[in-house]
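Each remark here refers to the structure printed beneath this line.
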Amino acid sequence: MDNLLEKWKSSQELINVRRERRILICKGLSLSGGLFLLVFGTLSVIEQRFIMGAILLGATSIGLVNLYILKISNKVERSVFVLNGIIFVLTFTLLYSGGVDNTGILWIYPLFAITLFINRFWFAAAMSGSFILLCGLFLLTPLSQFLQADYSQVIAIRFVLTLLALSAICLVALYSEEYAYKLVLKLHDNEIHRVAFYDSLTGLPNRWSFQQNFARILQQRHKDQFTALLYIDLDNFKFVNDNYGHEVGDKLLIHFGKRLSESVRIDTTDEDLAVDLSDDIARLAGDEFVVILKELESPQDAEIVAKRILNLFQGGYNVDGNIYPVYASLGISVCPSDTSTDIELVRYADAAMYKAKRKGNNNFQFFDNETANELSERQNIETGLKRAVEKQDFSLVYQPIFSGETKEIVAIEALLRCHSVELAGYGPDVFIPVAESIGLIKALDEWVLNNAIKDFTLIREATGFEGKLSINISGVELLDENFPQKVKAIVESYNLPCSLIDIEVTETALVPDNPIVIKVLNEFASKGFSLSLDDFGTGYTSFNQLILYPATNLKIDRSFINDLFSDDESLAKVVKTIHDLAKIYQLNVIAEGVETQQQLEYLQNIGCECIQGYFLSQPVDKMGLIELLSTTH
Ligand code: C2E
Ligand code: CA
Ligand code: CA
């Protein structure tokens with residue numbers, strides 16, 4: 001974008017320099033022309049040629065007024081127009097009076113040349129043509145008898161030929177200047193066009209040009225043919241960026257951009273599917289691409305291209321012999337079977353892509369009724385969330401965390417509930433990811449922090465509870481270096497020490513080696529907060545990566561607690577293995593989702609430090625919690 005701005009600026013500069021130069025010449029010409037006319041006009045009056053004097057002095061005053069107006073308005077076009085008129089008057093006056101030895105006409109040459117340079121090429125050409133024609137008419141025909149000066153044929157022909165040569169030289173110079181100027185502007189324009197319409201990394205059309213192209217293609221569509229939109233999203237691309245670096249990630253995208261063009265265009269099995277021009281592929285963002293398939297006989301034809309694209313990812317994506325664990329998910333919407341509007345087709349293909357993603361790596365999915373329902377459900381959730389944020393239509397419930405040894409409540413975890421009608425029946429596991437994707441999560445996290453800490457002070461006052469408050473934060477916050485300080489300020493505004501607050505971060509939000517995430521986590525630790533890795537076991541964190549995070553607790557995901565008494569022995573052993581390893585890293589283990597006496601006893605036997613789950617307590621509201629704490633403490 002900087003490049004674009006540079007080009008735009010230098011184009012503007014070029015236009016300005018040219019304009020300034022034109023204004024300067026106009027001013028010089030107005031002034032010199034005015035002075036000439038003044039002198040000749042005065043001489044004419046002295047010589048008692050009053051009509052001539054009046055014309056010349058009139059032109060003088062027009063010239064000077066023109067100069068003044070140009071000075072204050074800088075409107076060069078009008079000024080050039082006036083000057084052309086004056087130069088005509090002046091030239092014919094000089095021709096008319098001529099002088100005894102005809103030196104008067106010599107002044108016409110420089111004035112004529114300068115005048116040409118203040119006109120744009122085509123106008124200058126037209127002007128010089130008509131000017132020379134007029135001069136020729138006056139000098140070389142019987143009209144010359146009306147001129148005061150007596151020109152010989154030789155002088156008249158020499159004058160016209162000199163004017164012709166002069167104007168040819170001026171016009172050639174003007175033309176080459178104009179040509180160079182237009183060329184530079186065009187180059188800049190092309191560059192601006194390229195940056196504005198094409199993605200700088202892959203060279204493919206960008207989102208903006210895709211929107212234009214797609215709308216146009218749909219408009220030009222043949223009524224009995226189908227147009228399909230393929231929405232492609234790479235799976236696991238983040239993994240490549242995080243683990244191999246952005247350069248490798250960029251290389252992969254460039255490589256894929258080329259392979260995508262090839263696999264869409266070169267169609268050996270079905271001639272009709274071969275797509276002609278470069279308006280059919282685009283990179284919308286990061287790892288999202290789209291392909292427009294025009295003129296399909298049937299919607300199913302899109303499947304052939306979809307499969308060919310997915311084939312590029314069989315067994316991972318290969319870039320120059322290096323295979324990366326990157327796959328693709330592909331969604332397809334079809335015009336007119338699904339809808340005929342471009343915006344909806346994009347939304348439908350996107351929704352189908354998400355469905356394909358859920359099916360697993362390297363899948364494609366057509367938009368269908370089920371996806372349509374999911375899409376409207378998702379829209380419902382978005383609407384509900386926006387409304388809830390506006391009206392602050394939320395509340396908090398608290399689920400106690402018990403000591404495995406004493407079964408006393410050692411902490412309470414705040415869990416968010418949303419009350420807008422659209423969200424009836426949806427829990428935070430559904431609406432939090434939506435809030436993250438539409439940028440509402442920061443508002444939610446802030447609301448939770450403020451209200452949970454406010455409730456916590458009341459709960460402490462009412463019950464004398466000395467345990468901790470656990471607050472879930474979104475992974476998005478881990479990319480905000482100022483976040484720990486914001487949380488600290490909220491906690492301190494309630495006169496509480498940070499050590500009473502536990503920050504729960506779900507394991508999948510952790511990006512190994514991301515320096516900002518590590519910095520934010522360390523910042524929390526240094527401010528005295530404790531840190532829990534939530535849903536442990538669902539992400540990719542290996543035990544030796546745990547050393548990177550200043551965590552205090554591991555919350556074993558409830559799916560493992562569920563599997564405790566599974567027939568599959570290896571699953572049943574996971575909890576004990578995690579617990580044993582956590583001990584080596586001096587981490588407390590919290591088992592969540594404990595629903596039965598049997599699970600509880602098992603966990604107590606292996607020495608699990610903390611237990612949370614419906615068996616001991618469901619999440620309860622503030623008053624319920626106060627009651628619970630009053631009876632158990
Ligand atoms: P989580 O942090 O793992 O929270 C525990 C979830 O498991 C809660 O669901 C809780 O009601 C449920 N749960 C607790 N014990 C049991 C049990 O014995 N059996 C079963 N089946 N479920 C149990 P909830 O409240 O629906 O929260 C779901 C997820 O939403 C949370 O998972 C957390 O990741 C997220 N979340 C909740 N509140 C917030 C919040 O305030 N901010 C953020 N950023 N995320 C939140
Ligand atoms: Ca949690
Ligand atoms: Ca959890």
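The values are calculated or read from the model by the stated rules, or taken from the named source; none is laboratory data. Bear in mind that the values here come from a model prediction, so they are computed numbers and not experimental data. Virtual Cβ from ideal backbone geometry, glycine too; neighbours counted across all protein chains shown. Keep in mind that these areas ignore ligands, DNA and RNA; they rest on the heavy atoms of the full protein, side chains included. Shrake-Rupley method; radii C 1.70, N 1.55, O 1.52, S 1.80 Å.
For every residue, the table says whether it meets (1) more than 12 Å from ligand 3 (Cβ to nearest atom); (2) at pLDDT below 90.
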| residue | (1), (2) |
| --- | --- |
| THR541 | yes, yes |
| ALA551 | yes, no |
| ASP568 | yes, yes |
| ALA572 | yes, yes |
| VAL575 | yes, no |
| ILE578 | yes, no |
| GLN586 | yes, no |
| ILE590 | no, no |
Which listed residue, of GLY613, GLY607, is in contact (Cβ under 8 Å) with a residue 12 or more places away in the chain and within 12 Å of ligand 1 (Cβ to nearest atom): GLY613
All strands (runs of 3 or more DSSP E) inside region 277-341 with 3 or more residues being within 29 Å of GLN219 (Cβ to Cβ): 281-285, 288-296, 327-335
Evaluation of GLU507 against (1) in contact with a strand residue (DSSP E or B) (Cβ under 6 Å, 6 or more places away or on another chain); (2) away from ligand 1 (no atom under 16 Å from the Cβ); (3) within 22 Å of ASP580 (Cβ to Cβ) (one fails), failing number: (2)
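Hey, among the residues in region 577-591 that are in a helix (DSSP H, G or I) and among the hydrophobic types (A, V, I, L, M, F, W, C), which one's farthest from ligand 2 (Cβ to nearest atom)? Even if it seems obvious, please write down each step before you answer.
From region 577-591, those in a helix (DSSP H, G or I) are 577-584; that's our starting set.
From what's left, among the hydrophobic types (A, V, I, L, M, F, W, C): 578, 581-582, 584.
Details: ILE578: 17, LEU581: 21, ALA582: 17, ILE584: 24 Å.
Taking the candidates together, the pick is ILE584.
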Residue ID - nearest to ligand 3 (Cβ to nearest atom), chosen from residues in region 592-609 that are open to solvent by less than 50 Å² (accessible area, probe 1.4 Å) and assigned to a loop (DSSP other than H, G, I, E, B): GLU592
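Return the only residue of VAL410, VAL397 being within 16 Å of ligand 3 (Cβ to nearest atom), surrounded by 14 or more Cβ atoms within 10 Å (Cβ to Cβ) and not in a helix (DSSP H, G or I). Even if it seems obvious, please write down each step before you answer.
Numbers: VAL410 fails: within 16 Å of ligand 3 (Cβ to nearest atom).
Checking each option against the conditions leaves just VAL397.
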Considering residues of region 551-571 that are surrounded by 13 or more Cβ atoms within 10 Å (Cβ to Cβ), assigned to a helix (DSSP H, G or I) and of a type outside the set (Ser, Thr, Tyr) only, the residue farthest from ligand 1 (Cβ to nearest atom): LEU571
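To keep it simple, each residue is scored yes or no on (1) open to solvent by less than 50 Å² (accessible area, probe 1.4 Å); (2) without any contact (Cβ under 8 Å) to a residue 24 or more places away in the chain; (3) outside the structural domain of THR227 (by TED's automatic domain parsing).
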position: SER329; (1), (2), (3): yes, no, no
position: SER337; (1), (2), (3): no, no, no
position: ALA349; (1), (2), (3): yes, no, no
position: ALA352; (1), (2), (3): yes, no, no
position: GLN379; (1), (2), (3): no, yes, yes
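If you check ASN472, ASN451, which single one turns out to be outside the structural domain of GLY331 (by TED's automatic domain parsing), at pLDDT 95 or above and within 30 Å of GLN598 (Cα to Cα)?
Values: ASN451 fails: within 30 Å of GLN598 (Cα to Cα).
Unique residue meeting the criteria: ASN472.
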The listed residue being on the phi > 0 side of the Ramachandran plot, within 13 Å of ligand 1 (Cβ to nearest atom) and surrounded by 15 or more Cβ atoms within 10 Å (Cβ to Cβ), out of ASP535, ASP445, ASP455, ASP502: ASP535
Residue pairs meeting the criteria (Cβ under 8 Å; at least 6 apart or on separate chains; first at positive phi, in region 588-602; second within 12 Å of ligand 3 (Cβ to nearest atom)): GLY593/ASP557; GLY593/ARG558; GLY593/SER559; GLY593/ILE561; GLY593/GLN612; GLY593/GLY613
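Criterion first (within 24 Å of the chain's Cα centre (by Cα) and within 16 Å of ligand 2 (Cβ to nearest atom)) does PRO400 satisfy it? Lay out the reasoning, then the answer.
Numbers: within 24 Å of the chain's Cα centre (by Cα): no; within 16 Å of ligand 2 (Cβ to nearest atom): yes.
It is false that PRO400 is within 24 Å of the chain's Cα centre (by Cα) and within 16 Å of ligand 2 (Cβ to nearest atom).
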Test: GLN612 is away from ligand 3 (no atom under 16 Å from the Cβ) and either more than 30 Å from ILE459 (Cα to Cα) or assigned by TED's automatic domain parsing to the domain that holds GLN399 (or both): no
Residues (under 46 Å from the mean Cα position of the chain (by Cα) and open to solvent by 80 Å² or more (accessible area, probe 1.4 Å)) located in region 621-633: ASP621
In region 354-373, the residues that are open to solvent by 60 Å² or more (accessible area, probe 1.4 Å), of a type outside the set (Lys, Arg) and either out of contact with any Ser or Thr (no Cβ under 9 Å at 6 or more places or on another chain) or in a helix (DSSP H, G or I) (or both): TYR354, ASN369, GLU370, ASN373
Test: residue in region 108-125 that is over 17 Å from ARG22 (Cα atoms), polar (S, T, N, Q), assigned by TED's automatic domain parsing to the domain that holds ILE23 and buried (at least 16 other Cβ atoms within 10 Å of the Cβ): no
Within region 235-255, tally of residues that are outside any helix (DSSP H, G or I) and open to solvent by 60 Å² or more (accessible area, probe 1.4 Å): 1
Looking only at region 33-56, and only at residues there that are open to solvent by less than 60 Å² (accessible area, probe 1.4 Å) and among the hydrophobic types (A, V, I, L, M, F, W, C), the one that is farthest from ILE114 (Cα to Cα): VAL45
Residue under evaluation VAL574, criteria (1) in contact (Cβ under 8 Å) with a residue 24 or more places away in the chain; (2) of a type outside the set (Gly, Ala, Ser); (3) open to solvent by 40 Å² or more (accessible area, probe 1.4 Å); (4) away from ligand 2 (no atom under 16 Å from the Cβ), criterion not met: (3)
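Is it true that GLN618 is under 15 Å from ILE401 (Cα atoms), within 45 Å of the chain's Cα centre (by Cα), within 16 Å of ligand 1 (Cβ to nearest atom) and buried (at least 18 other Cβ atoms within 10 Å of the Cβ)?
No; evaluated as a whole, the condition is false for this residue.
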Options GLU466, GLU492: the member that is within 17 Å of GLU413 (Cβ to Cβ), open to solvent by 50 Å² or more (accessible area, probe 1.4 Å), of a type in the set (Asp, Glu) and modelled with pLDDT of 95 or more: GLU466
Failed condition for SER167, given (1) in contact with a Leu (Cβ under 8 Å, 6 or more places away or on another chain); (2) closer than 30 Å to GLU288 by Cα: (2)
Residues being assigned to a loop (DSSP other than H, G, I, E, B) and either more than 27 Å from THR538 (Cβ to Cβ) or within 16 Å of ligand 3 (Cβ to nearest atom) (or both) - total across region 470-515: 7
Unmet criterion (only one of (1) of a type in the set (A, V, I, L, M, F, W, C); (2) within 16 Å of ligand 1 (Cβ to nearest atom); (3) within 22 Å of ALA414 (Cα to Cα)) for VAL517: (3)
Yes/no for PRO433 being under 23 Å from ILE590 (Cβ atoms) and surrounded by fewer than 20 Cβ atoms within 10 Å (Cβ to Cβ): yes
Tally, over region 508-534, of residues that are of a type outside the set (A, V, I, L, M), free of Cβ contacts under 8 Å to residues at least 40 places away in the same chain and within 16 Å of ligand 2 (Cβ to nearest atom): 1
